[in-house]
Amino acid sequence: GEDVEQSLFLSVREGDSSVINCTYTDSSSTYLYWYKQEPGAGLQLLTYIFSNMDMKQDQRLTVLLNKKDKHLSLRIADTQTGDSAIYFCAFDSNYQLIWGAGTKLIIKP
Amino acid sequence: KAGVTQTPRYLIKTRGQQVTLSCSPISGHRSVSWYQQTPGQGLQFLFEYFSETQRNKGNFPGRFSGRQFSNSRSEMNVSTLELGDSALYLCASSLGDGSYGYTFGSGTRLTVV
C-alpha cells in the first residue's frame, strides 16, 4: 500500500535553515502537502505543491519535489523559536490524505 | 470566514459507552473527512463524505461510523468504546472537487477510561 516516511526529529539552531525530508511510494497524487502541528492543536496547512511542479517558494518556506526519487522536502529559512512544532508531509489519494509520521523540529538557542 | 468547528473539544467516556462527535465545515465546503491521531499509530483516515455520500473509508472496525447532513455538517459515532479508542479525532473540510487544501478543526480529544 501507500507509504510515507519521515525522520522523527530534527534539531537546528535559531537563525539556521531547517530542511525536513519525506519519501513516498504513491506517485499518482495531484497535490503534496506540508502541515504543522503545535502542541495541543490541530493541523495547520503550511504549504502544498502541485505534482507537476518541482519547486514552490512561499516567504520563508521552499518546497522541493523530486518525482523521480519520490522525495519531497520543506526548507524553512531563518528558523525561529515559533517554528517549533511537528511537521507532517501528506499526499492525497482517493479522497484521503496519506500521512508521514511527522518530524519534530527542535530549535536550539 | 469561520473555520472548521469541532465539538466537543474534550470528552471522557467509560469503556462500553458510545460517543458522537460533530464537525461543521467551512461554509461552501461539501467534503468532510475524519482522522484519528494517536502517538502509536499516527494519523489514520477514518472516512470521507461528500454531499451526504461516503466516498472512501479507512480500515477501522464497524464500531466507527459517520454521516453527513444536507448542510454538510458531519458526525462520527463510536460504539462500544475501548481503551484503544482514546485519541485526538480531527475533521477536515474541503471543497471536495479535487482542488487543493484540507482545512482541519482543532480536534476532539477523547479519553476512554
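So is B:PRO61 surrounded by 13 or more Cβ atoms within 10 Å (Cβ to Cβ) and out of contact with any Leu (no Cβ under 9 Å at 6 or more places or on another chain) or not? Let's see the steps before the verdict.
Details: surrounded by 13 or more Cβ atoms within 10 Å (Cβ to Cβ): no; out of contact with any Leu (no Cβ under 9 Å at 6 or more places or on another chain): yes.
When the stated conditions are applied, B:PRO61 does not pass them.
Take the residues of region B:11-22 that are among the β-branched types (Val, Ile, Thr) and under 17 Å from the mean Cα position of the chain (by Cα): which is farthest from B:GLN54 (Cα to Cα)? Lay out the reasoning, then the answer.
Filtering region B:11-22 down to residues among the β-branched types (Val, Ile, Thr) leaves B:12, B:14, B:19-20.
So of that shortlist, the ones also under 17 Å from the mean Cα position of the chain (by Cα) come out as B:12, B:19-20.
Values: B:ILE12: 28, B:VAL19: 20, B:THR20: 17 Å.
The extreme case among them is B:ILE12.
Name the strands (runs of 3 or more DSSP E) wholly inside region B:23-87 in which the number of residues that are under 19 Å from B:SER106 (Cβ atoms), within 10 Å of the chain's Cα centre (by Cα) and modelled with pLDDT of 95 or more is 3 or more. Walk me through it before giving the result.
Working: elements: B:31-38, B:42-50, B:53-57, B:64-68, B:74-78.
Those strands (runs of 3 or more DSSP E) span B:31-38, B:74-78.
Would you check which residues across region B:88-97 are assigned to a loop (DSSP other than H, G, I, E, B) and hydrophobic (A, V, I, L, M, F, W, C) and list them?
B:LEU95
Out of everything in region A:23-33 that is part of a loop (DSSP other than H, G, I, E, B) and within 14 Å of chain B (Cβ to nearest Cβ), what residue ends up being surrounded by the most Cβ atoms within 10 Å (Cβ to Cβ)?
A:SER29
Matching residues to (1) in a loop (DSSP other than H, G, I, E, B); (2) more than 14 Å from chain B (Cβ to nearest Cβ); (3) surrounded by 13 or more Cβ atoms within 10 Å (Cβ to Cβ):
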| position | (1), (2), (3) |
| --- | --- |
| A:ASN21 | no, yes, yes |
| A:TYR35 | no, no, yes |
| A:GLY40 | yes, no, no |
| A:LEU45 | no, no, yes |
| A:THR62 | no, yes, yes |
| A:SER73 | no, yes, yes |
| A:TYR87 | no, no, yes |
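Can you pull out every residue in region A:47-60 that is crowded, with 17+ Cβ neighbours inside 10 Å and of a type in the set (A, V, I, L, M, F, W, C)?
A:ILE49 - this is the single residue of region A:47-60 that is crowded, with 17+ Cβ neighbours inside 10 Å and of a type in the set (A, V, I, L, M, F, W, C).
The values are calculated or read from the model by the stated rules, or taken from the named source; none is laboratory data. On a predicted model such as this, the values are computed, not experimentally measured, just so you know. Positions of Cβ are generated from backbone atoms using ideal geometry, with glycine treated the same way; all protein chains shown enter the neighbour counts.
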